[in-house]
Amino acid sequence: MGIRHTENPNQSLYMNNDYMGLPLLPNCYPYLNGYLERCRFVMLHALTRYPCVTGIRFDLHYPADYPLADDDFNNLAVRRFIKILRERIERDQLMASREGKRVHMTELDYVWVREFGETHRPHYHVMIFLNNQAFMSLGNPSLDHDNMAKRIRESWSKALGVDYHIGKHRVHFPDHCSHCIHRYDQQSIDNAFLALSYLCKEHSK
């Protein structure tokens, strides 16, 4: 069921218990129909590339004393972040290949949304999708190892132009944020979309 958004006529609110057979978080209604459609498309498109996909959900925040400019409200920082992360992944895979290691290449598929908290400062909810044969998981985010968690933190720090030891604390990984999504395993698809649906809630957009 779609209800036209009163403040944005280009969006409609979605109130059903599931979206095209995929589950939604029960405490986040209403959802934005266009966001749900886009998130579903990106996830399923990643599964057409690879039979198994690693999905990683995380949040990007600005440092408390970071001077926000018009560029930040225009989402240039998160776009820089995606570009930097993609280049970092490509560079790491190229280096591994030159060292004679077996490398499974991957594209970076992603969705992100901007939200505003009580301070009216923007932050971003992001989910990325990678070839599971290339990157099997996030890695342990509590350890500062050379894993995907550190790549994400370094990319956000570089996008902001701040020291890594400042920027890394502005990336938040929720519980159960890493998903192994199999093309023919509906339960794994459901679990990933349940986490992904959080990005589609109308509140604080």
For segment 56-149, dividing by residue count, accessible area per residue (probe 1.4 Å) in Å² works out to 54 Å²
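Grab the eigenvalues of the alpha-carbon gyration tensor for segment 1-106, scale each by 5, take roots, and send me the semi-axes largest first in whole angstrom.
33, 24, 11
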With a ≥ b ≥ c from the Cα gyration tensor eigenvalues, square-rooted, and the rule rounded for a/c under 1.5, otherwise prolate when a/b > b/c and oblate otherwise, segment 164-205 is oblate
So the carbon and sulfur contribution to the accessible area of the chain, 1.4 Å probe, in percent, is 50 percent
By the Kirkwood definition, with r running over pairs of different Cα atoms, segment 35-159 has a hydrodynamic radius in Å of 15.7 Å
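Quick check: with the 1.4 Å probe, what order do SER197, SER178 take by accessible area, largest first?
Listed by decreasing accessible area, they come as SER178, SER197.
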Sorted by chain and number, the residues with a modelled amide H under 5 Å from that of GLU107, at a separation of 5 or more or across chains, are ASN131
The convex hull of the Cα atoms of segment 99-138, divided by residue count, gives a volume in Å³ per residue of 97 Å³
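Averaging sequence separations of C-alpha pairs under 8 Å and six or more residues apart, then dividing by the length of the chain, give the relative contact order as a whole percent.
Value for the chain: 32 percent.
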In nm, the gap between the two label points placed 7 Å beyond Cα toward Cβ at LYS83 and ASP65 is 2.8 nm
Per residue, accessible area of segment 152-205 with a 1.4 Å probe, heavy atoms of protein chains only, in Å², comes to 51 Å²
Length gained, GLN187-THR119, 0.36 nm per residue minus C-alpha separation, equals 20.7 nm
Placing each pseudo-label 7 Å from Cα in the direction of the beta carbon, THR48 and ASN16 end up separated by a distance in nanometres of 2.1 nm
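The values are calculated or read from the model by the stated rules, or taken from the named source; none is laboratory data. Predicted, not measured: the structure shown is a model, and the values here were computed from it. Here Cβ is always computed from backbone atoms with ideal geometry, including for glycine, and neighbour counts include all displayed protein chains. Note: areas computed on protein heavy atoms with side chains; ligands, DNA, RNA excluded. Shrake-Rupley method; radii C 1.70, N 1.55, O 1.52, S 1.80 Å.
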